Every structure is written in C-alpha cells, then in structure tokens.
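Engineer: Have a look at this one before I ask anything.
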Amino acid sequence: MVELPKHLEEVVEFFTKLPGVGEKTAFRQTLQLTNWRSEDLMAFSYALSQLTQLKKCQKCNVYTDTTVCNICASVERYEAKMLCVVETLTDFLAIEKSKNFRGTYFILGNVLNPLMGIGPDEIGLDKLFERITSENIQNLILAINPSVEGDATCSYIRHKLPQTIKVERIGFGVPMGGSLEYLDSLTISKALENRKSL
C-alpha cells in the first residue's frame, strides 16, 4: 500500500474534524488544495490563522471586529426595546437575512441539556438576564429550535423573567409551499398550536 506524505495526511485529518466531512471528502478537498498556487495556499493559511483573533460582541455574542457589533450599536434597534434570543450564529443570520426583525439579538450558543452538563451558566443566561434588565427590554422573542432541550430552555427563561416583560416564541409548523399530507405528525401539531386569528 502506498504511504502518503505526512503533510498530506495531516491536512486530511484536520478536514475530517469538520462536521459532515468524512475521510474520502477530506482527501478530495486536500488533493484540490494541492492544485492551488503557493500564494493562494499561504493566503488561505493566513486567513485560517486569523480565526484565533476573532472577537465576540460583548452584548450579543456575534463575531465582530469591534467590542460591540453594528447591530447592538444601532440606536434605532436599541430603542425598539426588542430582543431576539437565538441558539446559534446561523439562526441569527437566517433571521437577519429575512429583514423582518428590527431589534437586537442574543446568541446562546447552545440550549439547556443537563445530561450533557449544559446548564444556565454554560449558555450565559445570567448575561442575558442582565442585558434584559439594563436595556429595559420590553419584548423578548425566543427563536429557539423546537426540541425537548429548546422547549426546556424557553420555559426556564420565561420562568426567570418578570411577567411585565412580554415573552413570545416564534411559530413553527407548515413551511411555505408545504403539503399537509407529506408532513409528520409533530410538525402538524406545532402548526395547530401556533395558529393565529385572521
């Protein structure tokens, strides 16, 4: 059997650490990189090394080049007194891309999961509650994915906040263009729970 150069194997090993990337895909990606010009490889290497310099916004936890991101620094968004709590950065980006929300955000980074040792401290709920108080947030939107852990996280947050704060959870259910006959029973149940008046 052919023994590959150690440098090649090391790159393949790093690629396999990415979610959803198996050894074959990692090997193909690595071979693709061998066709790049040395200047491009060096630039790629430098860009990767700069990930160690990433900062998180002190208010919402989104990656930023400054202490506070442009959304948290926006006076218009601050004055809306609305805060949207999301689980991940990709959830934040999806909501922001819709251009329908004009408040600020808070990224948890995870949800409560006692079996995995993830409690309120691990997802920074103290920081969230402190922000809600200091910024006098009046409307809290929980855009957390529907799961046992997500539901538990939403219940915990609601329980810890005073009743004067309006807490809402985004609706889940039938996707646009979806047909009821092809949906699972849980999705249909969620759609029925989240119905609204016309």
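The values are calculated or read from the model by the stated rules, or taken from the named source; none is laboratory data. Because the structure is a prediction, the values reported are computed rather than measured. Using ideal geometry, Cβ is built from the backbone for each residue, glycine included, and neighbour counts are taken over all protein chains shown. For the accessible areas, the whole protein counts, side chains as well, though only heavy atoms, and no ligand, DNA or RNA atoms are used. Shrake-Rupley method; radii C 1.70, N 1.55, O 1.52, S 1.80 Å.
Engineer: Which one of these does residue 169 not meet: (1) of a type outside the set (Gly, Ala, Ser); (2) over 20 Å from residue 193 (Cα atoms); (3) under 18 Å from the mean Cα position of the chain (by Cα); (4) surrounded by 14 or more Cβ atoms within 10 Å (Cβ to Cβ)?
Structural biologist: (2)
Engineer: Return the only residue of 87, 13 being surrounded by 15 or more Cβ atoms within 10 Å (Cβ to Cβ) and acidic (Asp, Glu).
Structural biologist: Every option except 87 fails the conditions.
Engineer: Taking only segment 23-53 into account, find how many residues are open to solvent by less than 60 Å² (accessible area, probe 1.4 Å), farther than 28 Å from residue 65 by Cβ and either in contact with a helix residue (DSSP H, G or I) (Cβ under 6 Å, 6 or more places away or on another chain) or modelled with pLDDT under 95 (or both).
Structural biologist: Residues that pass the stated criteria total 2.
Engineer: Among the residues of segment 54-78 satisfying the criterion of being free of Cβ contacts under 8 Å to residues at least 40 places away in the same chain and of a type in the set (S, T, N, Q), which is surrounded by the most Cβ atoms within 10 Å (Cβ to Cβ)?
Structural biologist: 64
Engineer: State which residue pairs qualify: first residue free of Cβ contacts under 8 Å to residues at least 60 places away in the same chain and inside segment 118-136, second residue buried (at least 16 other Cβ atoms within 10 Å of the Cβ) and among the aromatic types (Phe, Trp, Tyr) in any location, beta carbons under 6 Å apart, and separation of 6 or more residues or different chains.
Structural biologist: Listed by first residue and then by second, the contacts come to 128/106.
Engineer: Please state which of the following conditions residue 162 fails to meet, knowing it meets all the rest: (1) modelled with pLDDT under 85; (2) exposed (fewer than 13 other Cβ atoms within 10 Å of the Cβ); (3) part of a loop (DSSP other than H, G, I, E, B).
Structural biologist: So the condition that residue 162 fails would be (1).
Engineer: Also, quick follow-up: For segment 132-153, enumerate the residues that are assigned to a helix (DSSP H, G or I) and open to solvent by less than 10 Å² (accessible area, probe 1.4 Å).
Structural biologist: 132, 150, 153
Engineer: Within segment 111-131, work out how many residues are assigned to a helix (DSSP H, G or I), farther than 30 Å from residue 189 by Cα and open to solvent by 90 Å² or more (accessible area, probe 1.4 Å).
Structural biologist: Selection size over segment 111-131: 2.
Engineer: Among the residues of segment 173-194, are any at pLDDT below 75 and basic (Lys, Arg)?
Structural biologist: Checked against the condition, which is being at pLDDT below 75 and basic (Lys, Arg), segment 173-194 yields at least one hit.
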